[in-house]
């Protein structure tokens with residue numbers, strides 16, 4: 001009981017607030033995959049020296065984080081644990097808070113936003129049941145940390161951020177470690193609408209809570225695909241997993257599971273349906 005409550009309280013801090021409204025048209029932060037005249041996606045580039053250097057730093061702290069914060073709290077997917085043991089979380093936060101990068105909690109990033117606690121990144125990644133080679137979509141790039149974790153798990157990772165300032169910070173972090181050459185694609189835009197030109201997706205992870213699951217995201221799930229999303233009002237939310245069983249948008253096309261209570265900020269954007 002206390003464990004779940006603690007997680008919910010941490011989530012309240014970890015979820016990003018949405019203040020100013022950016023440009024509504026999608027803005028690519030790198031060449032758009034599949035755009036007219038573009039070549040097919042290249043094979044993953046070799047890991048750059050910067051990545052090897054960063055991963056070589058603070059290995060003991062990351063391993064301690066994995067054992068004490070994740071495995072001890074029932075995160076069991078070995079691929080997820082390996083991804084969080086690999087991705088250098090300290091390279092996704094400002095210099096001023098790097099000494100705290102592996103603590104059990106969120107940390108501030110530019111734009112008055114936060115990087116989520118390691119446990120929530122792991123829990124959502126595990127709930128998505130990602131297999132190697134799958135195509136994944138993240139709604140809410142933030143610092144780029146979750147996108148980097150997905151890049152270790154997926155074949156292609158697409159990530160949308162609503163706030164341009166935050167998107168620029170996440171892009172800089174991912175670019176510095178070579179993730180933009182390894183199948184990670186970014187854009188600024190309304191995450192409610194997803195990324196239809198790159199659909200279908202095998203997994204979609206969402207980091208803000210709509211009152212109802214966005215239909216465009218359900219439409220963009222492949223058969224067998226999983227959507228991990230917090231759903232509910234400002235006062236009552238639960239983390240849910242929607243799995244597409246077959247083609248169609250009727251209720252029977254999806255299996256819905258509720259995991260546990262959470263507290264995320266409301267999902268904002270031009271596409272959100274207002275009551």
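The values are calculated or read from the model by the stated rules, or taken from the named source; none is laboratory data. Owing to the predicted nature of the structure, the values given are computational and were not obtained by experimental measurement. Quick reminder, even Gly has a Cβ in these numbers, built from the backbone with ideal geometry, and neighbours come from all protein chains shown.
In the condition set (1) out of contact with any helix residue (DSSP H, G or I) (no Cβ under 6 Å at 6 or more places or on another chain); (2) closer than 27 Å to residue 233 by Cβ; (3) modelled with pLDDT under 95, residue 181 is compliant with all but (2).
Go through the stretch 126-149 and give me each residue that's in a loop (DSSP other than H, G, I, E, B) and either on the phi > 0 side of the Ramachandran plot or buried (at least 21 other Cβ atoms within 10 Å of the Cβ) (or both). Break it down into steps so the answer makes sense when it comes.
First, pick out the residues of the stretch 126-149 that are in a loop (DSSP other than H, G, I, E, B): 128-134, 140-144.
The answer is 128, 129, 130, 133, 134, 140, 141, 142, 143, 144.
For residue 152, the conditions (1) assigned to a strand (DSSP E or B); (2) at negative phi; (3) modelled with pLDDT of 95 or more all hold with the exception of (1).
Quick check on my filter: what residues within the stretch 199-237 are in a strand (DSSP E or B) and over 17 Å from the mean Cα position of the chain (by Cα)? Correct list: 222, 223, 224, 232, 237. The single condition among (1) in a helix (DSSP H, G or I); (2) at pLDDT 95 or above that residue 7 does not satisfy is (2). The residue of the stretch 40-60 that is surrounded by the fewest Cβ atoms within 10 Å (Cβ to Cβ), among those that are within 22 Å of the chain's Cα centre (by Cα) and assigned to a helix (DSSP H, G or I), is 55.
If you filter the stretch 90-107 down to residues that are out of contact with any helix residue (DSSP H, G or I) (no Cβ under 6 Å at 6 or more places or on another chain) and under 19 Å from residue 174 (Cβ atoms), you find that the one that is surrounded by the most Cβ atoms within 10 Å (Cβ to Cβ) is 93. From the list 219, 236, the one residue that fits, being surrounded by fewer than 17 Cβ atoms within 10 Å (Cβ to Cβ), at pLDDT 95 or above and over 30 Å from residue 47 (Cα atoms), is 219. Apart from one condition, residue 165 fits all of (1) farther than 27 Å from residue 256 by Cα; (2) surrounded by fewer than 23 Cβ atoms within 10 Å (Cβ to Cβ); (3) in contact with a helix residue (DSSP H, G or I) (Cβ under 6 Å, 6 or more places away or on another chain); the exception is (3).
All conditions but one from (1) surrounded by fewer than 16 Cβ atoms within 10 Å (Cβ to Cβ); (2) within 18 Å of residue 128 (Cα to Cα) apply to residue 205; the one that does not is (1). Look at (1) without any contact (Cβ under 8 Å) to a residue 40 or more places away in the chain; (2) outside any helix (DSSP H, G or I); (3) crowded, with 16+ Cβ neighbours inside 10 Å and you find that residue 249 fails only one, number (3).
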